[in-house]
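Shown next, in structure tokens, is the structure this report addresses.
The values are calculated or read from the model by the stated rules, or taken from the named source; none is laboratory data. These figures come from a predicted structure and were not determined experimentally. Ideal geometry is used to build each Cβ from the backbone, glycine not excepted, and the neighbour counts take in all protein chains shown.
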Amino acid sequence: MTKKLYYQDAYINSFTTSIKDQPKDENNQWYLILEETAFYPTGGGQPTDLGTLNNRKVINVEEIDGEIRHYIDEPLESLSSEVAGEVDWKRRYDHMQQHSGQHILSAAFEEALQFKTISFHLGKEMLTIDLDVEKLTEEQASEAERLANRVIQESRSIETKWITEAELSQYPMRKQPTVTDDIRLVIIPDFDYNGCGGTHPRSTSEVGAIKILDWEKHKGHIRLQFVCGNRVLMQLHQKNKLLKELTGQLQVPEETMSSVVQRLLEKQKEQEKTIEDMKERLFSYEADELMNEGTRQSDYVLIQKAYQNRPIQELQKLAQHITSEKEDAVVLLVVHNEGKLQLVGAKGTSPTVNLKEAVRNVFPLINGKGGGKESFVQGGGEALMSKEELLQEMVKNV
């Protein structure tokens, strides 16, 4: 089995070793098996390390049946000489900060509030833990966050230890390990005892800080989002930059930002309502104009028009408005939108024409489809003819 240097010392980020094998997996991807490695494979909620082996990019590391596979972007030409490994230290140290921060925050929630963590995910930008509770208040989140940051500031040691299943009873475990052999404990004395296979710093102080960002209900639990270490500074930088841009654009100080934005939103709602009212009036005027242009047929008034670049929803609304006002109207509307032809047909209560039957032969002319009922149809297809020609086909079939 490959010797795991990351368990001897999580701070090892460069090493030399010999190659045991260079096979392909079932997906025809090359990977290396090494005598020893500092590359941490995906597992326990922690993402894999990345880096290089003899300047070949390591694109993934997995442990499968006790075999650590180092997937590389292209195979090595010689397997006889030693291989030099370089772990992406920035990525590794970030994972160490985040993973230890998760241990600390989960322990803080359990110690302060008796809220257990049932799952955790370490993402590229933030972490989440699922708490076994149905709701969480601001006061509770702040209490756990304060305790977690106090543990960080106290610079407590983070220790690792290998034990047997029989020795488990000697430790106040936060959660029982899922393995029974070669159990690895990550310990913050007098605070947290946790079975874990991840990489961690030597001291809580290296976690830097923990900041809870938000939480939401998720499948009957609370899913909490947070960041640790250098990610806290990144979040602060991004949010400060955004706030600075907004204060400049709105020309208001930070302390009044919330009330100013609230007033703007209220004003926007008023304006949107005014616009909708004006649109309704315009639709009414447009409908009246179309009704005046209608032509009398045997038992109905035919109202027809072709449009360019107009939402079909507006045509639907126009047709419905006209037929609600004029019971003897038959309305046929066509629009050409970005290489497509669309049509709407509607009638009032008195005409005997069946629009669904009438336009059945129209849709094949544009390789289209549509449907509806006797009094209202709609559909569309390809622009194989002009909008005026399609309108005339509709009129002819009606």
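So here's what we get for this one:
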| read-out | value |
| --- | --- |
| Filter result for the condition that a residue is surrounded by fewer than 19 Cβ atoms within 10 Å (Cβ to Cβ), of a type in the set (Gly, Ala, Ser), at pLDDT below 95 and at positive phi, over 372, 294 | 372 |
| Residue satisfying condition, being surrounded by fewer than 15 Cβ atoms within 10 Å (Cβ to Cβ) and modelled with pLDDT of 90 or more, within set 265, 185, 224, 250 | 265 |
| Matching residues in segment 160-174 - criterion: being surrounded by 14 or more Cβ atoms within 10 Å (Cβ to Cβ) and without any contact (Cβ under 8 Å) to a residue 40 or more places away in the chain | 163, 168, 171, 173 |
| Of all residues in segment 106-125 being aliphatic (A, V, I, L, M) and in a strand (DSSP E or B), the one that is nearest to the chain's Cα centre (by Cα) | 122 |
| Odd one out for residue 361, checked against (1) outside any strand (DSSP E or B); (2) of a type outside the set (D, E, K, R); (3) at pLDDT 90 or above | (3) |
| Within segment 188-221, considering residues that are part of a loop (DSSP other than H, G, I, E, B) and of a type in the set (A, V, I, L, M, F, W, C), the one surrounded by the most Cβ atoms within 10 Å (Cβ to Cβ) | 196 |
| Qualifying residue in segment 349-356 (condition: in a strand (DSSP E or B), at negative phi and surrounded by fewer than 19 Cβ atoms within 10 Å (Cβ to Cβ)) | no |
| From the options 287, 306, residue that is of a type in the set (Gly, Ala, Ser) and not assigned by TED's automatic domain parsing to the domain that holds residue 382 | 287 |
| Failed condition for residue 155, given (1) of a type outside the set (Phe, Trp, Tyr); (2) outside any loop (DSSP other than H, G, I, E, B); (3) surrounded by fewer than 15 Cβ atoms within 10 Å (Cβ to Cβ); (4) touching a residue at least 24 places away in the same chain (Cβ under 8 Å) | (2) |
| Condition check for residue 93: of a type in the set (Phe, Trp, Tyr), over 24 Å from the mean Cα position of the chain (by Cα) and outside any helix (DSSP H, G or I) | no |
| Checklist (1) in the same structural domain as residue 116 (by TED's automatic domain parsing); (2) touching a helix residue (DSSP H, G or I) at 6+ places or on another chain (Cβ under 7 Å); (3) loosely packed, with under 10 Cβ neighbours inside 10 Å applied to residue 230, failing item | (3) |
| Qualifying position, being over 43 Å from the mean Cα position of the chain (by Cα) and charged (D, E, K, R), among 356, 326 | 326 |
| Pick from segment 311-335, criterion small (Gly, Ala, Ser) and without any contact (Cβ under 8 Å) to a residue 40 or more places away in the chain, ranking: nearest to residue 295 (Cα to Cα) | 329 |
| Residue that is surrounded by the fewest Cβ atoms within 10 Å (Cβ to Cβ) [pool: residues in segment 38-86 that are in a loop (DSSP other than H, G, I, E, B) and charged (D, E, K, R)] | 65 |
| Selection count where residues are assigned to a strand (DSSP E or B) and surrounded by 16 or more Cβ atoms within 10 Å (Cβ to Cβ), scope segment 4-35 | 9 |
| Positions within segment 89-117 being more than 27 Å from residue 150 (Cβ to Cβ) and in contact (Cβ under 8 Å) with a residue 40 or more places away in the chain, in sequence order | 89, 91 |
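Here's the yes/no breakdown for (1) part of a loop (DSSP other than H, G, I, E, B); (2) within 23 Å of residue 335 (Cβ to Cβ); (3) in contact (Cβ under 8 Å) with a residue 60 or more places away in the chain; (4) touching a Lys or Arg at 6+ places or on another chain (Cβ under 6 Å):
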site	(1), (2), (3), (4)
252	yes, no, no, no
258	no, no, no, no
265	no, no, no, no
286	no, yes, no, no
290	no, yes, no, no
302	no, yes, yes, no
